[in-house]
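Single-structure report; data block below.
The values are calculated or read from the model by the stated rules, or taken from the named source; none is laboratory data. Please read all numbers here as calculations on a predicted model, not as lab measurements. All Cβ positions, glycine included, derive from the backbone under ideal geometry; neighbour counts span all protein chains shown. Protein only, heavy atoms only, side chains kept; ligands, DNA and RNA dropped before computing areas. Shrake-Rupley method; radii C 1.70, N 1.55, O 1.52, S 1.80 Å.
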Amino acid sequence: MTRIDGRKEDELRPVKMTVGFVDFAEGSVLIECGRTKVLCCASVEDRAPGHVPEGTGWVTAEYSMLPRANRERSRRDVSKLKLSPRSAEIQRLIGRSLRAAVDLEALGDRTITVDCDVLQGDGGTRTASVTGGFVALAIACRKLAETGVIEKNPIKNCVAAVSAGIVEDTPLLDLCYEEDSGAMVDLNCVMNDRGELIELQGTGEGRGFTVDEQRTLVELCQGGIRQLLEKQKEILGGQI
């Protein structure tokens, strides 16, 4: 099939990451995946939440969309006095994905919160948040180690994410909004640079999907994530 933006079936949208996008966060990056734009900021607090063992740190995430991130204005969560179920589910996914990249004992009694704010959404906002959020997190952790706040960099491995789906019976990588809204199957995949799956979310829209179809989508994602990991390491100067 011919994709709306002319890409090949296994081709990522153009990816750009601008580090240091804001001045005050310990780590920040603006990630652009096609027309999707997410600002990711990592903030360090010198205390850990009560539910983690003493001497162990924590990494968490928050996710939100600006009112005009979409084609029509949406209400802010604060105006509804509660976080939307979608935002809550997404930020839990981001937090789990980023914690998989960190040695929490090496982080010590600290919390790093990664805020992911969608400036413009055109599909794949949660996967862009994971990919960009990791870069912001890695920058913050590097600063902690370089300034002697912690003994060593707690980052264990890189983590990135991308989507894939089946549109008109064709498996496609990195769905934009128009593709995502018409997809028969939608899958989000998070992996690390050891080739291990961190999280897999797959949903059939109107029909189920087979194990073979899932395998095809995961392999598509794996190829895309390799490229994203290379981009992350390039942005981070080849070091994490």
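Remarks
- Residue ID - modelled with the lowest pLDDT, chosen from residues in region 65-87 that are under 16 Å from GLY124 (Cβ atoms) and open to solvent by 30 Å² or more (accessible area, probe 1.4 Å): ASN70
- Test result for GLU62, more than 23 Å from ALA136 (Cα to Cα), in contact (Cβ under 8 Å) with a residue 24 or more places away in the chain and open to solvent by 60 Å² or more (accessible area, probe 1.4 Å): no
- Selection status of LEU217, touching a strand residue (DSSP E or B) at 6+ places or on another chain (Cβ under 6 Å), over 30 Å from GLY108 (Cβ atoms) and hydrophobic (A, V, I, L, M, F, W, C): yes
- Residue-level check: of (1) more than 15 Å from the chain's Cα centre (by Cα); (2) of a type in the set (A, V, I, L, M); (3) within 25 Å of SER64 (Cβ to Cβ), LEU172 misses just (3).
- Test: residue in region 52-62 that is of a type in the set (Phe, Trp, Tyr) and over 26 Å from GLU196 (Cβ atoms): no
- Qualifying positions in region 213-235 - within 19 Å of GLY124 (Cα to Cα) and among the hydrophobic types (A, V, I, L, M, F, W, C): LEU217, VAL218, LEU220, CYS221, ILE225, LEU228, LEU229
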